[in-house]
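In what follows, a structure is listed as structure tokens, so that the remarks can point back to it.
The values are calculated or read from the model by the stated rules, or taken from the named source; none is laboratory data. On a predicted model such as this, the values are computed, not experimentally measured, just so you know. So basically every Cβ, Gly included, is an ideal-geometry build from the backbone, and we count neighbours across all protein chains shown.
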Amino acid sequence: MLHLTPGDPVAIMIGIEGMADPQMVANLRRELGLDQPLHIQYWRFLRRAVVGDLGKSIRTNEPVRVEVMSRFPATVELAVAAFILSTLIGVAAGVTSAVRQYSLLDHASMVGAMLGASIPVFWLGMMLILLFAVRYPLLPVSGRGAPFAEAVALLFQGDASTLVRALRHLILPAVCLGLSRAAVVARLTRSSMLEVLRQEYVRTARAKGLRERVVVYRHALRNALIPIVTIVGLQFGFLLGGAVIAEVVFSWPGVGRLAVDSILARDYPVVQGCVLLVAAIFVLLNLSTDLLYGWLNPRIRYQ
């Protein structure tokens, strides 16, 4: 689809689009392989990708692998923070709603979950910026303070300010990205817990005099985890892919922001590298989720 959009990346590289020398454009297109049919270009890309060669950026002439991997830690940092936030909030809200079904807290949680799933990420991001960075300047508007791993390393050397700065930059994009996914986790957790709480073994555990906390968390929640693990495992893949919008809104220097900049510059190799990386991680996360089933439910492993 990117090849069908107006604009010639070679003309953009050489000079102002529409004013570049036609012969120079033709020579560079031949050098980059852009004069070949689309299916030939795709086959060449796949053949190189198998051996780890993703080509060079049309815009910077740097290896795509280097450009993508230099941005990947920032995306993982944001996705992990949003993942932890969405899982903690979603599971806690879902369990609480199921245990106190039809209560005011249950209705409030489900209304909040519905709003969280409905509000667009870009709108929520702008509202968070207006409220917590402009109206009440508590947090930075955009950017990344410092790599989180580097900030943690400096913490052990007695420098806590770098970690604080990194966390302050991370809060708004992580909240923006995590709240929408927390809504999905909360709704699924509630329905799964309600189904388990009606089972006979839960009634038996209560009849034996076990504390309600033990019944809910040790007996009910563990047996309700299969569908929850499914959606939570997929959440991380969605967060990696969905981080594009949050990264653009908050100017977060990750793979999503790189992909958007490359699309605007018609930098085909970089776009392909970004998409390939996110897709490969999504597939691996699906596999990891399936393998986790056997640990949670031994019957699946025995089958």
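Numbers below:
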quantity	calculated
Output for segment 196-211, where each listed residue is exposed (fewer than 14 other Cβ atoms within 10 Å of the Cβ) and either within 30 Å of residue 79 (Cα to Cα) or in contact (Cβ under 8 Å) with a residue 12 or more places away in the chain (or both)	201
Subset of segment 19-54 [part of a helix (DSSP H, G or I), within 13 Å of residue 8 (Cβ to Cβ) and of a type outside the set (A, V, I, L, M, F, W, C)]	22, 29
Sole exception among (1) without any contact (Cβ under 8 Å) to a residue 12 or more places away in the chain; (2) within 30 Å of residue 122 (Cβ to Cβ) for residue 227, by number	(1)
Scope segment 155-170; condition in contact with a Leu (Cβ under 9 Å, 6 or more places away or on another chain), surrounded by fewer than 17 Cβ atoms within 10 Å (Cβ to Cβ) and of a type outside the set (Ser, Thr, Tyr); matching residues	155, 160, 168
One residue from 90, 116 being modelled with pLDDT under 85 and of a type outside the set (D, E, K, R)	116
Residue match in segment 134-146 (condition: hydrophobic (A, V, I, L, M, F, W, C), surrounded by fewer than 16 Cβ atoms within 10 Å (Cβ to Cβ) and under 29 Å from residue 193 (Cβ atoms))	no
Qualifying positions in segment 154-165 - modelled with pLDDT of 80 or more and part of a helix (DSSP H, G or I)	156, 161, 162, 163, 164, 165
Condition broken by residue 149, with the remaining ones in (1) farther than 27 Å from residue 233 by Cβ; (2) modelled with pLDDT under 85; (3) part of a helix (DSSP H, G or I) satisfied	(1)
Single condition residue 87 does not satisfy, out of (1) touching a residue at least 24 places away in the same chain (Cβ under 8 Å); (2) farther than 14 Å from residue 183 by Cβ; (3) not basic (Lys, Arg)	(2)
Boolean, residue 243 is surrounded by 17 or more Cβ atoms within 10 Å (Cβ to Cβ), in the same structural domain as residue 168 (by TED's automatic domain parsing), more than 21 Å from the chain's Cα centre (by Cα) and under 30 Å from residue 146 (Cβ atoms)	no
Residue in segment 67-87 that is in contact with a helix residue (DSSP H, G or I) (Cβ under 8 Å, 6 or more places away or on another chain), farther than 30 Å from residue 223 by Cβ, small (Gly, Ala, Ser) and loosely packed, with under 14 Cβ neighbours inside 10 Å present	no
Residue 258 vs. criteria buried (at least 19 other Cβ atoms within 10 Å of the Cβ), assigned by TED's automatic domain parsing to the domain that holds residue 148 and not small (Gly, Ala, Ser)	yes
Condition check for residue 227: modelled with pLDDT under 85, farther than 29 Å from residue 119 by Cα and not acidic (Asp, Glu)	no
Pairs, first outside the structural domain of residue 233 (by TED's automatic domain parsing) in segment 90-104, second surrounded by fewer than 18 Cβ atoms within 10 Å (Cβ to Cβ) and not in a helix (DSSP H, G or I), C-beta under 8 Å, six or more apart	none
Any hit, segment 272-281, residues being on the phi > 0 side of the Ramachandran plot and either surrounded by 17 or more Cβ atoms within 10 Å (Cβ to Cβ) or aromatic (Phe, Trp, Tyr) (or both)	no
